[in-house]
Structures are given as structure tokens and as C-alpha cells.
1. Taking the criterion of being touching a strand residue (DSSP E or B) at 6+ places or on another chain (Cβ under 6 Å), touching a residue at least 24 places away in the same chain (Cβ under 8 Å) and under 18 Å from residue 8 (Cβ atoms), would at least one residue in region 89-96 satisfy it?
2. Would you mind stating whether residue 109 is buried (at least 17 other Cβ atoms within 10 Å of the Cβ) and either more than 23 Å from residue 10 (Cα to Cα) or out of contact with any helix residue (DSSP H, G or I) (no Cβ under 6 Å at 6 or more places or on another chain) (or both)?
3. For region 89-99, give me each residue that is more than 20 Å from residue 115 (Cα to Cα) and part of a helix (DSSP H, G or I).
4. Looking at region 133-145 only, could you name the residues that are in contact (Cβ under 8 Å) with a residue 12 or more places away in the chain and either surrounded by 11 or more Cβ atoms within 10 Å (Cβ to Cβ) or over 20 Å from residue 74 (Cβ atoms) (or both)?
5. Given the criterion free of Cβ contacts under 8 Å to residues at least 12 places away in the same chain, touching a helix residue (DSSP H, G or I) at 6+ places or on another chain (Cβ under 8 Å) and not in a helix (DSSP H, G or I), identify the matching residue among 148, 81, 86, 122.
6. For region 14-60, give me each residue that is more than 14 Å from the chain's Cα centre (by Cα) and closer than 16 Å to residue 98 by Cβ.
7. Quick one: count up the residues across region 1-19 that are assigned to a helix (DSSP H, G or I) and surrounded by fewer than 19 Cβ atoms within 10 Å (Cβ to Cβ).
8. Sort out which residues of region 24-51 are part of a helix (DSSP H, G or I) and touching a residue at least 24 places away in the same chain (Cβ under 8 Å), and write them in order of number.
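Every number in this text was worked out from the coordinates using simple rules, so none of it is lab data. These figures come from a predicted structure and were not determined experimentally. Methodologically, a virtual Cβ is constructed for each residue, glycine included, from the backbone with ideal geometry; neighbour enumeration extends over all protein chains shown.
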């Protein structure tokens, strides 16, 4: 099996979207995907891209993807990368695709002089958690991920005007 990682292009929007849907199904949240391919096109390939995407292929066929974007550490006074998604199609697992995707994103961070790479994993996804432990990734149990979205985000934003 030959695993290749390549940057995604605008022509890959439908593929990326299908992988996002497959990821949501895997994560037991099929109704959580509310975005559209058009939104993806705008935010990944428009005039001000918000993230980068790479595609993994096994023998020339799509096998998975990773989406990542920049972060900044005030304590290190240096940038880093946030790995938003890393997903490998079930039929392509155990071929080293996930490792190649993660290594590729890590290489991007190192190439750019970034000091860290971070991501989140679901607490029930033992296959992923085991994989990350074997890599030597630190689990930051003392940190709790927080999110504002939808009406709560709008309400907090509205309070900025007052």
C-alpha cells in the first residue's frame, strides 16, 4: 500500500465534505454537520482561508484528511497549530494513514518554527487515544475545552457594544 499526503485544492471540496460527514457519523453525531460545501469552499479556499486541509490517499484513492489552523501561545510567545480534524476511512485504517497525516501536520508546524501542536479527542475513542499515547502526546486532563456557539455566542458578542 502506498500512502500519499497532498494539499487539498478547491476541486476537493465535495470530497472533504463527504469525509466530514463520515467523521460525524463515526463520532456518533451525524446531525452535527450543519455547514455546506459552499461554506467549506469559502473558508478553505476563499480570499481569507481560515484553515488548511490535506488529503491522504492509499494507492491513489482518498483515504482520509486533516484540517488544521494556527494558534498562538502567550506563555511561549510563539505560534502553534490546532488540529481540528484527523479522520481515516474505516476501510483504510491499519495502513499507517493516520500516522502519516499526523506526521505531515507536525512537519508543517516544525517547518514554520511553531512550538506546539494540539488537538482534542473524544473520551470514548480508545483507538485514537491509544495512538496518541504511543506518540508521546501529553493528555491535558486539567484543562476543560469550552465553546460558545449559536445564540450564546451572539449574546456574548452583543454585550460588547454595551
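1. Taking every residue of region 89-96 in turn, at least one turns out to be touching a strand residue (DSSP E or B) at 6+ places or on another chain (Cβ under 6 Å), touching a residue at least 24 places away in the same chain (Cβ under 8 Å) and under 18 Å from residue 8 (Cβ atoms).
2. On the way: buried (at least 17 other Cβ atoms within 10 Å of the Cβ): yes; either more than 23 Å from residue 10 (Cα to Cα) or out of contact with any helix residue (DSSP H, G or I) (no Cβ under 6 Å at 6 or more places or on another chain) (or both): yes.
Against the criterion (buried (at least 17 other Cβ atoms within 10 Å of the Cβ) and either more than 23 Å from residue 10 (Cα to Cα) or out of contact with any helix residue (DSSP H, G or I) (no Cβ under 6 Å at 6 or more places or on another chain) (or both)), residue 109 qualifies.
3. In the first step, residues of region 89-99 are kept if they are more than 20 Å from residue 115 (Cα to Cα); the result is 89-98.
If the condition is that a residue be more than 20 Å from residue 115 (Cα to Cα) and part of a helix (DSSP H, G or I), then 90, 91, 92, 97, 98 are the ones that fit.
4. 135, the sole residue that qualifies.
5. None of the other options fit; the residue is 148.
6. Result: 26, 57, 58.
7. At the first step, the residues of region 1-19 found to be assigned to a helix (DSSP H, G or I) are 10-19.
Still in the running and surrounded by fewer than 19 Cβ atoms within 10 Å (Cβ to Cβ): 10-11, 14-15, 17-18.
Final tally of qualifying residues: 6.
8. Looking only at region 24-51, we keep the residues that are part of a helix (DSSP H, G or I), and these are 24-26, 30-32, 37-45.
26, 37, 40, 41, 44, 45, listed by residue number.
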